Amino acid sequence: MGIFNFRGARSKTKPTAELPIQVSDYMSKKLITFNPDQSVLEVMETLIKHKISGGPVVGKENELLGIISEGDCIKQINESRYYNMPMENFNVEKFMVKNVETIEGNVSIFDAANQFLQSKRRRFPIIENGKLIGLISQKDILKAVLKLNGQRWRDK
């Protein structure tokens, strides 16, 4: 008598398409940016209007100069009260964070998530050839993971 195999015919596995898992696949490209000469009051109005918590500060050539956030605006409010100065006298350059940590577009979203945990930042600008090309936020990472839910999470 022969040996019987009860498994049946094996189906051939179809190759899965490459999953987009790089920061560049999920970064925001249409950015609200600020310039260093803008008043902090204008920034506050823009943050509230667009329901964002901060944004990049860029120069004339779209080069990244810093980041301004709600927290930076709060510092300005505190200083204006302390020194009894009108808020219109303060510009973005004085209150923005100048030493900005960036991330590369070809980094996986998982490495970006780790960088978020290490740095305690809420957003990272993406720079290419000295120009701002995008921004990745913690929320973008969450959206990416929801899209990948149920998939195999193995980066290259």
## Note on the structure
Filter the range 105-128 for residues that are within 11 Å of the chain's Cα centre (by Cα) and assigned to a loop (DSSP other than H, G, I, E, B); the one that is nearest to residue 139 (Cα to Cα) is 122
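Of these, 105, 134, 150, which one is farther than 17 Å from residue 28 by Cα and either in contact with a strand residue (DSSP E or B) (Cβ under 6 Å, 6 or more places away or on another chain) or modelled with pLDDT under 90 (or both)? Even if it seems obvious, please write down each step before you answer.
Details: 105 fails: farther than 17 Å from residue 28 by Cα; 134 fails: farther than 17 Å from residue 28 by Cα.
Going through 105, 134, 150 in turn, just one is farther than 17 Å from residue 28 by Cα and either in contact with a strand residue (DSSP E or B) (Cβ under 6 Å, 6 or more places away or on another chain) or modelled with pLDDT under 90 (or both): 150.
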### Query
For the range 42-54, which residues satisfy the criterion of being in contact (Cβ under 8 Å) with a residue 40 or more places away in the chain and either part of a strand (DSSP E or B) or within 18 Å of the chain's Cα centre (by Cα) (or both)?
53, 54
### Among (1) surrounded by 13 or more Cβ atoms within 10 Å (Cβ to Cβ); (2) in contact with a Gly (Cβ under 9 Å, 6 or more places away or on another chain), the one test that residue 121 misses
(2)
### Message
If I ask for residues that are touching a Phe, Trp or Tyr at 6+ places or on another chain (Cβ under 9 Å) and among the basic types (Lys, Arg), which ones from the range 26-81 would you list?
### Response
75
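The values are calculated or read from the model by the stated rules, or taken from the named source; none is laboratory data. Computed from a predicted model, the values in this text were never measured in an experiment. Methodologically, a virtual Cβ is constructed for each residue, glycine included, from the backbone with ideal geometry; neighbour enumeration extends over all protein chains shown.
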